[in-house]
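Encoded as structure tokens, the structure appears first; notes follow it.
No value in this document is a laboratory result; all are computed from the given coordinates. Since this is a predicted model, take the numbers as computed values, not measurements.
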Amino acid sequence: MTTHLSLALLLCALLPLADSFCTQGPQKVTATHCLDETDNEWHPIGSSWRNSACMDCSCSGCCAAFGTPRQFPADCVSVFDPVACKYKVHKRDNPSEECPVFGAVGK
């Protein structure tokens, strides 16, 4: 009984860490290629790529290519940069001053 309780507590503790965003494989697959429906581009089976939605993909699925900041000072804000595929955390009143990130989920 204590083993099951310990396992349940461990799984509950790990649950917040499993917040990365992934999807299953593309809808259209041929014998040699699969379609990334975000960019409407075909890719060879076995290849990997990053699409325009900042997702790292293969023919079996895609996962977010970035981590999402969750813990940072209250006077800061996180802003997603779609070109760099990452969040930048800076002071609300001074975007040139970066802030420390104490915790993030994903990538």
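Could you run the Debye sum over the Cα atoms of segment 53-100, one equal point scatterer each and no solvent, and tell me log10 of I(q)/I(0) at q = 0.17, 0.19, 0.33 Å⁻¹, two decimals?
-0.55, -0.64, -1.18
Starting from the Cα-Cα distance between Ala84 and Ala53, subtract it from 0.36 nm times their residue separation and give me the gain in nm to one decimal. All intermediate terms of the calculation are to be shown ahead of the outcome.
Numbers: separation 31, 0.36 × 31 = 11.16 nm, distance 1.11 nm.
Working it through step by step, the gained length comes to 10.0 nm.
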